[in-house]
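All of the numbers you see were taken from the coordinates with simple rules; none came from a lab. Keep in mind that this is a model prediction, so the values were computed, not measured.
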Amino acid sequence: MGMGIFRARWLQLRQGKGQRQRLRLCKSLVVAGTVAAVAVVPSAALATPGTGVSGTVLAKGTSDGRLKIKAPKGDTDVTVRTVTIAPGGSTGWHHHPGQLVAVVQSGTLTRTLDDCSVEATSAGEAFIEPAGRKHVHIGRNLGTEPVVLYVTYLLPEGAPLSVDEPEPECVRG
């Protein structure tokens with residue numbers, strides 16, 4: 001029935017309406033035909049299989065739904081590294097010049113933030129640490145097994161991975 005409407009309209013246009021309207025109708029027919037063809041052809045037929053490619057998942061973590069990534073302005077250094085914290089170890093108080101995304105591969109990382117709130121992140125979980133001096137924190141391994149993190153840093157070009165800081169006022173109390 002849809003093609004009957006196009007045919008009737010085409011006949012009307014041939015009988016005296018302008019070339020511009022015929023051109024619009026032709027474009028509509030081409031679009032309709034293309035959409036119909038794409039709907040019929042399975043998308044897998046358009047795919048090209050890869051060869052000689054392998055990959056290894058280093059870590060997978062699930063976030064709590066609040067991940068919002070903000071890359072720095074200008075050129076960005078992207079660094080991916082493994083961080084291991086031995087039982088009883090800590091990162092020391094620091095901040096990051098850019099945002100980072102971390103996945104806890106094993107153990108439980110306990111972070112104390114600049115307001116002295118504490119967040120514990122266990123194996124299989126992911127989190128973001130925001131950028132800047134106002135986000136001072138320390139990461140500790142309070143458990144009995146090493147904490148292994150896979151961390152992706154998004155830093156302004158040339159910036160260090162972290163900057164050491166004194167403990168915040170709330171800790172000194």
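Cα centroids of the range 89-105 and the range 147-169: 5 Å apart.
Given N residues in the range 48-173, what is its alpha carbon radius of gyration divided by 2.2 N^0.38 Å? Display every interim value, and only then the final one.
On the way: Rg = 15.7 Å, N = 126, 2.2 N^0.38 = 13.8 Å.
Compared with the compact-globule rule of thumb, the range 48-173 sits at 1.14.
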